[in-house]
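The values are calculated or read from the model by the stated rules, or taken from the named source; none is laboratory data. Since we're looking at a predicted model, the values are computed, not measured. Ideal geometry is used to build each Cβ from the backbone, glycine not excepted, and the neighbour counts take in all protein chains shown. Accessible surface is based on the protein model in full, side chains and every heavy atom, while ligands, DNA and RNA are left aside. Shrake-Rupley method; radii C 1.70, N 1.55, O 1.52, S 1.80 Å.
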Amino acid sequence: MIKLGLLLLVLPLFVLMGVYFWELNDVRACQLDGGYWDYVAHVCRDTPQPFVSWLERSPLLVNGGMLLSVVGLAMCMVGLYVKRAN
């Protein structure tokens, strides 16, 4: 149970950070070209665009990832608390 809990605790964080940095790469490339990133359409535009937070654009990914991490933490705590049968 501890191994699965650790996997659920850490894996969603790596997925979230990977998706975040993937999008950040596109945003920085657009800004270096002199454009403005459209966060909703995921394209580079010539006119300024409003910022839309990641939580508003994909709440299931963010909230689901954090929920899986909490479940993983709970599984780790239960795995450490319960004695192993010999």
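Listed values, structure above:
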{"item": "Within region 12-22, tally of residues that are touching a residue at least 12 places away in the same chain (Cβ under 8 Å) and either open to solvent by less than 90 Å² (accessible area, probe 1.4 Å) or not in a helix (DSSP H, G or I) (or both)", "result": "5"}
{"item": "Among (1) open to solvent by less than 90 Å² (accessible area, probe 1.4 Å); (2) of a type in the set (S, T, N, Q); (3) modelled with pLDDT of 95 or more, the one test that N25 misses", "result": "(1)"}
{"item": "Selection status of L60, more than 13 Å from the chain's Cα centre (by Cα) and open to solvent by 50 Å² or more (accessible area, probe 1.4 Å)", "result": "no"}
{"item": "Residue selected from region 32-57 under the condition part of a helix (DSSP H, G or I) and at pLDDT below 95, by the criterion most open to solvent (accessible area, probe 1.4 Å)", "result": "E56"}
